[in-house]
1. I'm trying to understand the selection: among the residues of the stretch 70-86, which are surrounded by 12 or more Cβ atoms within 10 Å (Cβ to Cβ) and farther than 11 Å from V133 by Cα?
2. So which strands (runs of 3 or more DSSP E) stay within the stretch 70-177 end to end and still have 3 or more residues that are within 13 Å of the chain's Cα centre (by Cα)?
3. Go through (1) open to solvent by 60 Å² or more (accessible area, probe 1.4 Å); (2) at pLDDT 80 or above; (3) not acidic (D, E) for C95 and report which single condition fails.
4. Assess whether N30 counts as being farther than 23 Å from I170 by Cα and loosely packed, with under 11 Cβ neighbours inside 10 Å.
5. Among the residues of the stretch 33-46 satisfying the criterion of being exposed (fewer than 10 other Cβ atoms within 10 Å of the Cβ) and in a loop (DSSP other than H, G, I, E, B), which is modelled with the lowest pLDDT?
6. Could you grab me the full set of residues in the stretch 1-50 that are closer than 23 Å to M128 by Cβ, without any contact (Cβ under 8 Å) to a residue 60 or more places away in the chain and among the small types (G, A, S)?
7. Does any residue of the stretch 58-75 turn out to be in contact (Cβ under 8 Å) with a residue 60 or more places away in the chain, touching an Asp or Glu at 6+ places or on another chain (Cβ under 9 Å) and of a type in the set (V, I, T)?
Amino acid sequence: MIASVCLESDGTCHEFHILDRSRVPKPLCNWNKGFKIPDFSLSKYMSEKGVIQLNQMAVSHVLETLGVSSYLKSPSCDRNAAPFTVLNNGWSKECASTTGLNESISGHSSCYIPEKCTALHCCTDIPMLNITVNTGIDLDICDFRLTVSLEEVTLEYSLVDYEYGSKKKISLFGLFDLR
């Protein structure tokens with residue numbers, strides 16, 4: 001890696017060699033972690049707080065306590081706004097070639113298939129927490145890449161050595177899972 005600083009548009013730049021043939025450690029990220037608090041129970045939490053329904057402040061506290069708040073999108077997805085506006089059995093699409101969208105999806109979800117037809121983005125209501133969760137999958141055949149997202153967490157898999165038929169799981173500390 002070489003960093004350059006150019007102080008004059010027509011002058012010479014100063015180069016700084018930062019890394020040259022250096023090995024950089026590749027950390028292993030575990031996106032299949034369980035709850036940050038191993039014995040967490042929302043019903044127990046609500047019972048301890050003496051509440052029947054969580055208000056916005058309590059939901060924020062739960063999400064912060066469980067370590068997921070920093071991974072949530074802001075603003076969150078909205079099932080009543082484009083592109084998630086439901087047209088057919090929970091589906092919204094710009095893809096002209098998709099014909100098999102007859103099967104309904106969960107009443108808590110709305111999914112969108114963009115024009116390129118090899119991606120799927122969903123917005124799912126979590127009624128108990130009064131929030132929505134954004135998930136997606138994007139298959140890029142040209143770049144041999146599969147991208148999977150759960151809120152702000154995005155994982156990319158190379159299709160060159162991908163084990164087809166294998167099952168993957170992304171988990172935000174056990175609270176939200178995507179398989």
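The values are calculated or read from the model by the stated rules, or taken from the named source; none is laboratory data. Just so it is clear, the structure is predicted and the values come from calculations on it, not from any experiment. Neighbour counts run over all protein chains shown; Cβ positions are idealised from the backbone, glycine included. For the accessible areas, the whole protein counts, side chains as well, though only heavy atoms, and no ligand, DNA or RNA atoms are used. Shrake-Rupley method; radii C 1.70, N 1.55, O 1.52, S 1.80 Å.
1. P83, F84, T85, V86, listed by residue number.
2. 119-126, 131-140, 145-150, 153-158, 170-172
3. C95 satisfies all of (1) open to solvent by 60 Å² or more (accessible area, probe 1.4 Å); (2) at pLDDT 80 or above; (3) not acidic (D, E) except (1).
4. Against the criterion (farther than 23 Å from I170 by Cα and loosely packed, with under 11 Cβ neighbours inside 10 Å), N30 does not qualify.
5. If we take residues in the stretch 33-46 being exposed (fewer than 10 other Cβ atoms within 10 Å of the Cβ) and in a loop (DSSP other than H, G, I, E, B), then P38 is modelled with the lowest pLDDT.
6. Matches in the stretch 1-50: S41, S43, S47, G50.
7. Taking every residue of the stretch 58-75 in turn, at least one turns out to be in contact (Cβ under 8 Å) with a residue 60 or more places away in the chain, touching an Asp or Glu at 6+ places or on another chain (Cβ under 9 Å) and of a type in the set (V, I, T).
Conditions (1) within 30 Å of D39 (Cα to Cα); (2) of a type in the set (A, V, I, L, M), marked per residue:
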{"site": "L63", "(1), (2)": "yes, yes"}
{"site": "S70", "(1), (2)": "yes, no"}
{"site": "S106", "(1), (2)": "yes, no"}
{"site": "C111", "(1), (2)": "no, no"}
